[in-house]
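Undergrad: Got a structure for you, written out below as structure tokens; questions coming shortly.
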Amino acid sequence: MEFLYCFANASLTHRILDYLLRRVKSQVDCVTVIYLNDCWVIRLKLNAYLDPKCCDDCWAFLSENGSPYYPSPRVDLAFHALDTACAPTQVMNRHHVAIVSHGTPNPEEVSCFQEQFVAGLGYCPQSLG
């Protein structure tokens with residue numbers, strides 16, 4: 001089972017990752033977080049043995065906080081490269097997307113990215129708040 005959603009800001013992204021850690025951590029195969037300047041994209045891969053009720057709850061939570069995302073060709077190629085075991089840094093260089101996290105849900109990686117990006121800009125854009 002796979003979900004692909006976008007979220008307006010870092011706070012919502014944190015909320016989703018925290019939810020995944022609390023509710024479905026043992027069912028998560030992989031979570032990829034990408035920052036696209038105007039939104040955050042989360043691709044969630046759950047194992048096939050997920051309880052249908054848990055799957056419905058996860059879908060509802062994602063839908064309450066974000067919206068389904070339909071990737072551009074560039075982002076789609078990045079996901080495909082990650083699926084074929086390319087290192088995230090290679091994928092970022094090749095496809096020019098900011099992969100914030102890939103693997104287990106990790107809100108700390110979002111926080112670190114957020115702090116470094118804001119420090120580099122000197123201000124906090126709405127999508128990083």
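The values are calculated or read from the model by the stated rules, or taken from the named source; none is laboratory data. Quantities reported herein were computed from a predicted structural model and do not represent experimental measurements. Here the Cβ is made from the backbone with ideal geometry for all residues, glycine too, and neighbour counts use every protein chain on show.
Undergrad: Name the pairs whose Cβ atoms lie under 7 Å apart, with the first residue in the stretch 32-55 and under 23 Å from residue 97 (Cα atoms), the second hydroxyl-bearing (Ser, Thr, Tyr) and modelled with pLDDT under 90, and 6 or more positions between them or separate chains?
TA: 37/127; 38/127; 39/127
Undergrad: Another question about this same structure. Mind listing whichever residues of the stretch 105-129 are more than 22 Å from residue 71 (Cβ to Cβ) and either without any contact (Cβ under 8 Å) to a residue 40 or more places away in the chain or among the β-branched types (Val, Ile, Thr) (or both)?
TA: Matches in the stretch 105-129: 108, 112, 115, 116, 118, 119, 120, 121, 122, 123, 124.
Undergrad: Within the stretch 28-67, track down each residue that is among the polar types (S, T, N, Q) and either modelled with pLDDT of 95 or more or under 11 Å from the mean Cα position of the chain (by Cα) (or both). Full working, then the answer.
TA: Looking only at the stretch 28-67, we keep the residues that are among the polar types (S, T, N, Q), and these are 32, 37, 47, 63, 65, 67.
32, 63, 65, 67, listed by residue number.
Undergrad: Shifting gears a bit: Aliphatic (A, V, I, L, M), in contact with a Pro (Cβ under 6 Å, 6 or more places away or on another chain), surrounded by 21 or more Cβ atoms within 10 Å (Cβ to Cβ) and not in a helix (DSSP H, G or I): does that describe residue 41?
TA: Values: aliphatic (A, V, I, L, M): yes; in contact with a Pro (Cβ under 6 Å, 6 or more places away or on another chain): no; surrounded by 21 or more Cβ atoms within 10 Å (Cβ to Cβ): yes; not in a helix (DSSP H, G or I): yes.
No; evaluated as a whole, the condition is false for this residue.
Undergrad: Quick check on the stretch 52-71. Is at least one of its residues over 29 Å from residue 118 (Cα atoms) and not in a helix (DSSP H, G or I)?
TA: Within the stretch 52-71, none of the residues are over 29 Å from residue 118 (Cα atoms) and not in a helix (DSSP H, G or I).
Condition check ((1) over 26 Å from residue 123 (Cα atoms); (2) surrounded by 13 or more Cβ atoms within 10 Å (Cβ to Cβ); (3) not basic (Lys, Arg)) across all residues:
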residue: 16; (1), (2), (3): no, yes, yes
residue: 46; (1), (2), (3): yes, yes, yes
residue: 55; (1), (2), (3): yes, yes, yes
residue: 73; (1), (2), (3): yes, no, yes
residue: 87; (1), (2), (3): yes, no, yes
residue: 101; (1), (2), (3): no, yes, yes
residue: 109; (1), (2), (3): no, yes, yes
